[in-house]
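Reading through the structure tokens given below for one structure.
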Amino acid sequence: MYRVLLFLLLIFLAGFSGAETLYSGNTGKPTVIDEFYKNIHAGQEVIVSEQHDLERHHQMQRDILVNIYNSTFPINVGMEFFDYLSQNFVDQFLKGVIDEPTFLKDIKWGKNDFSFYRFQVLAPSYHQGTTLALNLPREISGKVAKNGLATLTPEE
């Protein structure tokens, strides 16, 4: 069975103009929302970026998920906000094994308002999908940013 992996790549866009534009992955050109939804199919990846503190960007993410969930195939959401070592906490939260405050403590949630992300994290579990932790641990990404890839150990 195919699954769509919706990457909610939560990227801080320095100098972001505030204009939300959808681009076709096939052409690289702007597209209209109706065409975007018409062309979503199983096995496709959708990448959605945002500015962390803009509610309208988070609302756009929720709107996209709601519209895609009208599809007949399961959908997964990949979250750049969570490092892959936290996947077990994400899974426990989605299954209701741990509550939200425990989840946020366990994943060492930062200062961003989790209410901006709650729907995006929980929605896949209601639609035969899951939420995936995608990021590197901060220690590794920080090491690469500061010293380059060549400084990583084989384990890293």
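Annotation: extensible slack from residue 37 through residue 146 equals 35.2 nm (criterion: 0.36 nm per residue apart, minus Cα-Cα distance).
Rg/Rh for the chain: what does it come to with C-alpha atoms and Rh from Kirkwood?
Details: Rg = 16.5 Å, Rh = 16.9 Å.
Here the Rg-to-Rh quotient is 0.98.
So for 23, 37, what's the accessible-area order with a 1.4 Å probe, most first? Each step should come with its number before you reach the end.
Details: 23 135, 37 55 Å².
My answer, sorted largest first, is 23, 37.
In a GNM of the chain with a 10 Å cut-off on Cα contacts, which of 68, 140, 47 has the highest mean-square fluctuation? Maximum fluctuation in the GNM of the chain, among the listed residues, is at 140.
Quick one: order 60, 79 from most to least accessible surface, probe 1.4 Å.
Values: 60 50, 79 0 Å².
The ordering from most to least exposed comes out as 60, 79.
Note on the chain: Lys pairs 8 or more places apart or on different chains, Cα atoms under 28 Å apart, count 10.
Remark: region 43-130 carries 51 Å² of accessible area per residue (probe radius 1.4 Å; ligands, DNA and RNA excluded). Summarising the label geometry, the points placed 7 Å from Cα in the beta-carbon direction at residue 91 and residue 21 lie 4.1 nm from one another. What you get for region 65-156, charging only the Cβ of Lys and Arg (+1) and of Asp and Glu (-1), is a dipole of about 180 debye around the Cα centre. Which of 123, 133, 42 ends up with the largest GNM mean-square fluctuation for the chain, with Cα atoms connected below 10 Å? Among 123, 133, 42, the largest GNM mean-square fluctuation belongs to 42.
Around the Cα centre of region 84-123, unit charges on the Cβ atoms of Lys, Arg, Asp and Glu (plus for the first two, minus for the last two) sum to a dipole of about 100 debye.
If you sort 22, 134 by accessible surface, 1.4 Å probe, largest first, the order is 134, 22. Of the residues 100, 50, 35, the one that moves most in a GNM of the chain with alpha-carbon contacts below 10 Å is 35.
Dipole size of the chain about its Cα centre, with +1 on Lys/Arg Cβ and -1 on Asp/Glu Cβ: approximately 80 debye, rounded to the nearest 20. Counting only the Cα atoms, region 87-133 fills a convex hull of 70 Å³ per residue. Rolling a 1.4 Å probe across all protein chains gives residue 136 an accessible area of roughly 80 Å².
Which percent of the accessible heavy-atom area of region 116-156 goes to carbon and sulfur, probe 1.4 angstrom?
Details: 1520 of 2620 Å².
C and S atoms contribute 58 percent here.
The values are calculated or read from the model by the stated rules, or taken from the named source; none is laboratory data. Just so it is clear, the structure is predicted and the values come from calculations on it, not from any experiment. FYI the Cβ positions are ideal-geometry reconstructions off the backbone, even for glycines, and counts take in every protein chain you see. We work out accessible area using only protein heavy atoms, side chains counted, and drop any ligands, DNA or RNA first. Shrake-Rupley method; radii C 1.70, N 1.55, O 1.52, S 1.80 Å.
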